[in-house]
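The values are calculated or read from the model by the stated rules, or taken from the named source; none is laboratory data. For clarity, every value in this text was computed on a predicted model and none was experimentally measured. Neighbour counts run over all protein chains shown; Cβ positions are idealised from the backbone, glycine included. In case anyone asks, the SASA skips ligands and DNA or RNA and just uses the protein heavy atoms, side chains included. Shrake-Rupley method; radii C 1.70, N 1.55, O 1.52, S 1.80 Å.
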Amino acid sequence: MGLKFEEKKGALIIEISDKLDSLNAKEIYDKIEERLKNCDKDVVFDFENLDYISSAGLQILISAAKNRKSVGKDVYIYKPNSMVDSVINVAGFYSFLKKAQQI
Amino acid sequence: MITIKLDSTTIKDAFKIVDDFCKSHLKEADELCFKVKLIYEELLTNIFRHSRKLGSTFVNIELKSKNSTSVIEFVYDGGEFDPTNYKDKRVDEPFSEKKEEGGFGLFLVSKFSKKFEYKRTEGLNKIYVEV
């Protein structure tokens, strides 16, 4: 599992690499929830090195979006591969997630 | 066909089956491999999650590749549940701070499969998916 946090240009970048599935989602979910406590920044999920996402990963995106909405901030997705992008899109999540062009 | 006992210690073994299938039959970077893994994971986790409620104790798993199509079959015991006929209300719920998480697994299976069928025969649940 690859999970990194970095603050950049006023946003919290969350880089998740390799895969986001039901075997690792709970651990990642807990770490992100903890990191978002007392954080007032937009969140950018850097998916440039993410190969795979399932519905367990989608739950992390909803949770982060709800958390950011509660503080008036947004959640962005950066460089998902075509299938990760397709899963997010088919689930209708681009109605509340934005795409980041650069980070 | 591989038989897996349905308890919390066997789910990692069950995940390994699809990884091995993709390595030996598909190109791992391909969209087909992604879809096979996605559909397999969503159905398998669903079977594991509901095994206690349905009284399920085992699942037989078969993965096959034919031309450009992959076939996933699950046969498991326990009470009847038709995943092709189940719609989770959370999928259509508009986004808000109160939106409940989850509910997208079977929705993704229906969206990314070519054929998604269920049969109940001889007291067993049989799921057949073409990807």
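Quick notes on this structure:
- Among A:32-38, A:21-27, the order from most to least packed when residues are scored by Cβ within 10 Å on average: A:21-27, A:32-38
- Between the alpha-carbon centres of region B:1-74 and region A:58-103 there is a gap of 27 Å.
- Only helices enter this figure: runs of n ≥ 4 DSSP H residues, each worth -39500 (n - 2.57), summed and divided by the residues of chain B, yield -11000 deg cm²/dmol at 222 nm to the nearest 500.
- Within chain B, the selection of entire DSSP H helices by a Cα span of 15 Å or greater along the long axis and an average Kyte-Doolittle value of at least 0.0 returns B:31-49.
- Computed over the protein assembly as shown, the alpha-carbon pair-distance distribution with 5 angstrom bins reads 1, 6, 14, 18, 19, 15, 12, 8, 5, 2, 0, 0, 0, each value a whole percent.
- Shape call, chain A: gyration tensor on alpha carbons, a/c limit 1.5: rounded
- Net dipole in debye of region B:55-94 [+1 Lys, Arg Cβ; -1 Asp, Glu Cβ; about Cα centre; nearest 20]: 200
- Integer Hz, Karplus 6.51/-1.76/1.60 couplings in order for region B:115-128, x for Gly and Pro: 9, 9, 10, 9, 9, 10, 9, 6, x, 10, 8, 10, 10, 10
- Mean per-residue shielding of peptide B:11-17 is 1, counting Cβ atoms of other chains within 10 Å of each Cβ.
- Annotation: extensible slack from B:LYS87 through B:LYS99 equals 2.7 nm (criterion: 0.36 nm per residue apart, minus Cα-Cα distance).
- Test item: Cα-centred dipole of region B:7-131, Lys/Arg +1 and Asp/Glu -1 on Cβ, debye: 160
- Once the C-beta distance of B:SER8 and A:GLN102 is scaled by a Förster radius of 45 Å, the resulting FRET efficiency is 0.60 to the nearest 0.05.
- Each part gets one Cα centre, and for region A:22-55 versus region B:97-125 those centres are 25 Å apart.
- Amide proton proximity set for A:TYR76, modelled H, under 5 Å, gap of 5+: A:VAL43, A:VAL44, A:PHE45, A:LYS98
- For the segment A:54-61, counting C-beta atoms of other chains within 10 Å of every residue's C-beta and taking the mean gives 6.
- Interface area, B with A, accessible, probe 1.4 Å, both sides summed, Å² nearest 100: 2200
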